[in-house]
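Notes for the one structure printed next.
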Amino acid sequence: MIKLIMVISGISAGLSVILGAFASHGLKKKISPEMQAVFKIGVEYQYYHSIALALVGLSLIASNIDQSQFLTWAFICFGVGIIFFSGSLYLLALTKKKIFGPITPLGGLFFILGWLFFVLHWGN
């Protein structure tokens, strides 16, 4: 489980760097500055929560366990949050379709739940 978490964390963090570069260079002339800012927020939160995924893996190591119910849920929530929050912002910026806007807060809720589960693991 730890190895999988760390691999997914690394892939997500690397992808956020690629997407950040794409936003800074490839999208500059293709979308408005406002939509570039929206895209970059998605990149920022993906990067932060990629690090959070790594913290989950490191927490398993520090706790000397391979699996924890709270950390498993934190991992799932952070992953879903990245997909919903960052993914919806990417799609909103690229398509300008407002339908993706309401998905963003749902991703934010998953981020909050992920942090709650993380705290519950360490607060136990």
**Q.** Failed criterion for Ile31 (all others in (1) at pLDDT below 95; (2) within 15 Å of Ser9 (Cα to Cα); (3) of a type in the set (Val, Ile, Thr) hold)
**A.** (2)
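Counting residues that are surrounded by fewer than 13 Cβ atoms within 10 Å (Cβ to Cβ) and not aromatic (Phe, Trp, Tyr), which helices (runs of 4 or more DSSP H) fully inside the stretch 12-110 reach at least 3?
Details: elements: 33-62, 69-81, 87-95.
Helices (runs of 4 or more DSSP H) meeting the threshold: 33-62.
Collect the residues in the stretch 111-124 that are assigned to a helix (DSSP H, G or I) and farther than 17 Å from Glu44 by Cβ, keeping them in residue-number order.
Here is the first cut: in the stretch 111-124, the ones assigned to a helix (DSSP H, G or I) are 111-123.
Of everything in the stretch 111-124, those that are assigned to a helix (DSSP H, G or I) and farther than 17 Å from Glu44 by Cβ turn out to be Leu113, Leu116, Phe117, Phe118, Val119, Leu120, His121, Trp122, Gly123.
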Q. So which pairs qualify, if the first residue must be in the stretch 90-103 and modelled with pLDDT of 95 or more, the second must be exposed (fewer than 15 other Cβ atoms within 10 Å of the Cβ), the Cβ gap must be under 7 Å, and the two must be at least 6 apart or on different chains?
A. Leu92/Gly101
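The values are calculated or read from the model by the stated rules, or taken from the named source; none is laboratory data. Everything numeric in this text was worked out from a predicted model, so none of it was measured. Counting neighbours? That spans all protein chains shown, and the Cβs are built from the backbone with ideal geometry, glycine included.
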